[in-house]
Amino acid sequence: MNKADSYNNKRRLMILAFSMMLTIGIVNNLRGQIGPLIIDDFGLSYSQLGFLFSFLSIGPILVFFFSGKLIEKFGLLKVLVYGLIHTALSLFAVHISPGYYYLLISFFFVSLGLTLLNIVSVTIISLGYSNQRGKMINLLHLFYGLGGIIAPYFVTLLISWGFGWSHSFLFSIIFITIVFLEFKNSKLPETRASKSSSVLKTAELLKDKVVILFCVVVFVQVGVEISIVTWLAPYLKDVQGRSELVISFFLSLFFITFTVGRLLASLIVEKIGYYNFLLYTQVLTALSILLALVFGTPLTFLLSISGIFIAVQVPTSQAAILDSFGASGIKVVGFAQTAGTIGAAVLSNWVVGFINDFLGIRTGFIFLILLLIILFIITIYLKKLTLSGQFNPQ
């Protein structure tokens with residue numbers, strides 16, 4: 001491949017990775033709009049809805065943990081092809097699910113497929129832009145935010161046309177088809193990182209205090225992020241009595257600010273520094289939620305504005321991991337993402353779901369503030385460890 005062809009292929013791969021993350025953002029965030037509709041259809045409690053949505057998070061736990069091995073053994077091409085086919089079939093299964101438990105299983109399989117696409121997209125960007133990871137990973141995740149902006153209006157549009165909430169999953173197969181067509185014109189890179197002799201063994205990494213702390217950080221980050229997405233609509237509907245259109249607006253505003261946050265992060269994160277950027281945005285996220293709860297309806301929009309700050313947490317942590325662990329970075333990102341999916345299931349769906357049932361949704365959001373305080377303290381400690389000069393992952 002000559003220089004011109006290599007450049008064009010790199011651009012096509014970038015578009016492919018961004019398209020995959022956009023698709024993941026759309027499908028994964030349909031939950032924000034369809035949550036109240038599923039409650040009405042199946043007569044569920046908040047904890048039952050949380051348990052249902054947790055199956056969108058349980059599947060990735062195993063996949064993320066073994067992501068390095070999957071890519072090493074099968075290669076990006078096979079992982080991508082299988083991921084596209086698997087996801088399309090799973091989306092169709094959601095649409096035809098006749099009951100609650102069938103829906104649980106279908107959500108589980110959707111989550112597996114989306115995780116495979118996530119792994120491929122992050123790996124493509126990590127290998128192709130090793131000198132600009134902080135910028136490019138935030139840009140990659142920006143497209144997840146764009147998907148989140150599209151998702152609520154996508155659902156609302158289909159419902160206005162007379163379709164049910166499950167059709168939003170059926171018609172999402174269109175996005176999978178677009179990704180498939182894009183990938184046919186691209187040459188995927190070899191997974192050089194997983195073949196490097198400097199990659200540390202899994203057992204060694206899992207004993208590293210810094211690896212464990214990064215996993216805890218991402219566990220909380222994803223738990224808070226998904227909690228806001230999942231419970232904002234029920235809060236607006238059941239506490240404030242807002243209409244479906246207004247709920248769509250607030251959800252879309254969240255993802256607009258979410259997307260803006262990642263765009264801004266791609267421009268300034270390298271200048272501020274990964275850890276300082278994490279700390280500043282953790283404080284601002286907590287303040288946004290606190291002010292919205294204290295002042296009520298006039299400042300409810302701050303729950304949506306919090307997206308600009310929470311958006312940068314995971315991609316900035318991923319960039320910090322990749323910079324800290326070199327050739328082992330992709331493995332550690334996999335471990336951290338495993339922790340993140342557990343956080344989405346345990347914190348967002350189970351813990352916050354039960355708090356909402358027994359103490360009210362406002363209390364659930366107060367719990368998120370407490371989590372952010374804990375996250376702030378852990379991040380300070382992690383910064384001290386990694387920048388002290390004593391940390392040497394090699």
Inset, instruction - May I ask you to list the residues in the range 75-105 that are hydroxyl-bearing (Ser, Thr, Tyr) and closer than 11 Å to residue 176 by Cα? - result: 87
Inset, instruction - Please tell me if residue 57 is among the hydroxyl-bearing types (Ser, Thr, Tyr), closer than 24 Å to residue 174 by Cα, modelled with pLDDT under 80 and buried (at least 18 other Cβ atoms within 10 Å of the Cβ). - result: yes
Inset, instruction - Would you point out which residue out of 77, 91 is over 21 Å from the mean Cα position of the chain (by Cα), in a helix (DSSP H, G or I) and either in contact (Cβ under 8 Å) with a residue 40 or more places away in the chain or buried (at least 18 other Cβ atoms within 10 Å of the Cβ) (or both)? - result: 77
Inset, instruction - Out of the residues in the range 260-278 that are buried (at least 17 other Cβ atoms within 10 Å of the Cβ) and closer than 17 Å to residue 221 by Cβ, state the one that is nearest to the chain's Cα centre (by Cα). - result: 262
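Residue-by-condition table, conditions (1) free of Cβ contacts under 8 Å to residues at least 24 places away in the same chain; (2) farther than 23 Å from residue 44 by Cα; (3) surrounded by fewer than 24 Cβ atoms within 10 Å (Cβ to Cβ):
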| position | (1), (2), (3) |
| --- | --- |
| 215 | no, yes, yes |
| 223 | no, no, no |
| 237 | no, no, yes |
| 253 | no, yes, yes |
Legend entry - Considering residues of the range 292-301 that are of a type outside the set (S, T, N, Q) and crowded, with 17+ Cβ neighbours inside 10 Å only, the residue nearest to residue 365 (Cα to Cα): 293
Legend entry - the range 132-148 residues that are farther than 16 Å from residue 33 by Cα and in contact (Cβ under 8 Å) with a residue 40 or more places away in the chain, paired with ones that are part of a helix (DSSP H, G or I) and among the polar types (S, T, N, Q) (beta carbon under 6 Å, 6 or more apart): 135/266; 137/318; 138/266; 139/266; 142/259
Legend entry - Residues within the range 350-366 that are farther than 16 Å from residue 284 by Cα and either touching a strand residue (DSSP E or B) at 6+ places or on another chain (Cβ under 8 Å) or among the hydrophobic types (A, V, I, L, M, F, W, C) (or both), tallied: 8
Inset, instruction - Would you tally the residues in the range 94-115 being surrounded by fewer than 23 Cβ atoms within 10 Å (Cβ to Cβ) and closer than 22 Å to residue 77 by Cβ? - result: 2
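The values are calculated or read from the model by the stated rules, or taken from the named source; none is laboratory data. These figures come from a predicted structure and were not determined experimentally. A quick note on method: Cβ atoms are made from the backbone with ideal geometry, for glycine too, and the neighbour counts reach across all protein chains shown.
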